[in-house]
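The values are calculated or read from the model by the stated rules, or taken from the named source; none is laboratory data. Everything numeric in this text was worked out from a predicted model, so none of it was measured. Methodologically, a virtual Cβ is constructed for each residue, glycine included, from the backbone with ideal geometry; neighbour enumeration extends over all protein chains shown. Accessible surface areas use protein heavy atoms only, side chains included; no ligands, DNA or RNA. Shrake-Rupley method; radii C 1.70, N 1.55, O 1.52, S 1.80 Å.
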Amino acid sequence: MAFVPAKPALYGETLASLTAALTAAGQPAFRARQILDWLYKKRVRTWDEMTNLPKDLRAWLDATYDLAPTAFVLDRQSGDETDKLLLELRDKSLIETVIIRAPMTGVGVDKSRKTICISTQVGCAMGCKFCASGLEGLKRNLTAGEIVHQLIQVCRQEDAHTPRARAELASFDNIVVMGMGEPLHNYDAIVRALTIVNAEWGLGFGARRITLSTSGLVPKILQLADEPLGIRLAISLHGATDAVREQIMPVNKRYPLAELLPAVKAFSEKHGRMVTLEFILIEEINDSLEQAEKLRDIARDLHAHVNLIPYNTVVGLPWKRPSLTRQERFADILRAADVSVTLRREKGHDIAAACGQLRLQTEKERNAGVPAAG
Ligand code: SF4
């Protein structure tokens, strides 16, 4: 599933790897920082804008690297302040990057947050039954450069909302690795990409404000716990018993709760941070009071935060969102035990915002010869 582009993306290089490449090409090592400065601080679009580099070096960069691994296709804005950016890769694959500007309602607190949700694969192999991204399986992994470039595209789109100044990535509160794909199934690329996002020579975005969400690949969770990256972890749990989780998440057969939960605990203890348990509430699948009680027990044992997400309907899938009363009853069981819980308000429902839907819809339109519309 590895994609080998004609030229690697410059956005996938670290300071160390770019320095090594420059040195091997007979260029001075100090140029690496200058180049990365043009990329991340000045956010140039062309080699010619890198005016402090000699012409021969710019020509070498042009011959060696790709400066635009993703291309903007459309920005579909929802009335509730969610933007979905559809991006096209060099091989014409489509990915989604989402900006959420809406307030979040928690237990007695209201706060506004700007969050970016990035993708890590084209499609996904995990086959979660409620998810549009898993409908057609995995097409390929994203490269580290394609992952990083999504954030550059977000900043460029955001410029439209900040007329007097250029939008900085730091103006966002959080980055969540929760878009299309299972990030830990593309382990090396996501770790490299997040290293670049976090580095002072890269995008300089604080690791504590980055959350990676996994469906539960146990060995990779343990490997991630040993990385120097201090990012946060979220688990797509969606079932508080094996019987329920297995119905909707095939990964649970490979890594049942008896293996997953100790791995999450190990991560949490190593990093000293609260892990988040994501739980999509689906009517008559996982919204029973018994599931709420089991989830409460798991969350207490892990000292985890629980994020309850009322299900977004996906065309072609049979699941439904529980009533508001039922959502509240479920959340109340957790609250009564002092579990930290968020019941998410509906976001992006009207723009096919459930993970992967905009991409699927656009691909269908393309195949039918209908041009994409913003
Ligand atoms: S929910 Fe995440 S892991 Fe599951 S199929 Fe969708 S993208 Fe993949």
Take the alpha carbon gyration tensor of the chain, find the square roots of its eigenvalues, order them as a ≥ b ≥ c, and report rounded if a/c is under 1.5; if not, report prolate when a/b exceeds b/c, else oblate. prolate
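Quick check for you: with a 1.4 Å probe and neighbouring chains kept, what is the accessible area per residue of the range 9-61, in Å²?
Numbers: 2470 Å² over 53 residues.
Here the per-residue accessible area is 47 Å².
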Tally up the carbon and sulfur contribution to the accessible surface of the chain as a whole percent, 1.4 Å probe, everything protein left in place. 53
Rounded to whole Å, give me the distance from the Cα center of the range 43-96 to that of the range 115-170. 13
Connecting every pair of Cα atoms under 10 Å apart in the chain and solving the GNM, the largest mean-square fluctuation among ALA207, ALA25, ALA170 falls on ALA25
Label the range 10-64 by shape, choosing from rounded, prolate and oblate, from the square roots a ≥ b ≥ c of the eigenvalues of the Cα gyration tensor; if a/c is under 1.5 it is rounded, and otherwise prolate applies when a/b is larger than b/c, oblate when it is not. oblate
Would you list, by chain and number, the lysines whose Cα falls below 26 Å from the Cα of LYS139, excluding same-chain residues fewer than 8 positions away? LYS7, LYS84, LYS92, LYS129, LYS220, LYS253, LYS364
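Can you give the % of DSSP beta bridges in the range 70-367 that are antiparallel, to the nearest 5? Show your work: numbers first, answer last.
On the way: 23 of 45 bridges.
Around 50 percent of the beta bridges assigned by DSSP in the range 70-367 are antiparallel ones.
How much length is gained if the chain between LEU324 and ASP242 is pulled fully straight, taking 0.36 nm per residue apart and subtracting their Cα-Cα distance, in nm to one decimal? Walk me through the numbers on the way to the answer.
Values: separation 82, 0.36 × 82 = 29.52 nm, distance 2.58 nm.
Full extension from LEU324 to ASP242 adds 26.9 nm.
Counting other Cβ atoms within 10 Å, keep those with at most 14, restrict to DSSP loop, and tell me which GluC sites (Glu not before Pro) in the range 152-209 are left.
On the way: sites: GLU158, GLU168, GLU200; in loops: GLU168, GLU200.
The qualifying sites are GLU200.
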Just in the range 264-344: which trypsin sites (Lys or Arg not before Pro) are loop by DSSP and have at most 11 other Cβ atoms within 10 Å? none
Pop out the ³J(HN,Hα) list for the range 48-60 in order, Karplus 6.51 cos²θ - 1.76 cosθ + 1.60 with θ = phi - 60°, rounded to Hz; leave Gly and Pro as x. 5, 6, 7, 6, 8, 9, x, 4, 5, 6, 4, 5, 5
Report the extension gain between ASP188 and LYS114 in nm, rounded to one decimal, defined as 0.36 nm multiplied by the number of residues separating them, less their alpha carbon distance. 23.9 nm
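When only DSSP loop residues count, what trypsin sites (Lys or Arg not before Pro) in the range 134-217 have their Cβ near at most 16 other Cβ atoms within 10 Å? The partial results should precede the final answer.
Numbers: sites: LYS139, ARG140, ARG156, ARG164, ARG166, ARG192, ARG208, ARG209; in loops: ARG164, ARG166.
Taking the range 134-217 and a limit of 16 other Cβ atoms within 10 Å, the loop trypsin sites (Lys or Arg not before Pro) found are ARG164, ARG166.
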Which one of THR70, THR325, THR46 has the biggest mean-square fluctuation once the chain is modelled by GNM with Cα springs under 10 Å? THR325
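Rounded to the nearest 0.05, what FRET efficiency do ASP91 and GLU259 have when you use their Cβ-Cβ distance and R0 = 30 Å? Working shown, then result.
Numbers: r = 36 Å, r/R0 = 1.19.
So, using R0 = 30 Å, E works out to roughly 0.25.
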For the range 286-292, 3J(HN,Hα) per residue [Karplus equation, 6.51 cos²θ - 1.76 cosθ + 1.60, θ = phi - 60°, Hz, x = Gly/Pro]: 9, 9, 6, 5, 5, 5, 4
Gain upon complete extension [ALA63, GLN77; 0.36 nm per residue less C-alpha separation]: 1.4 nm
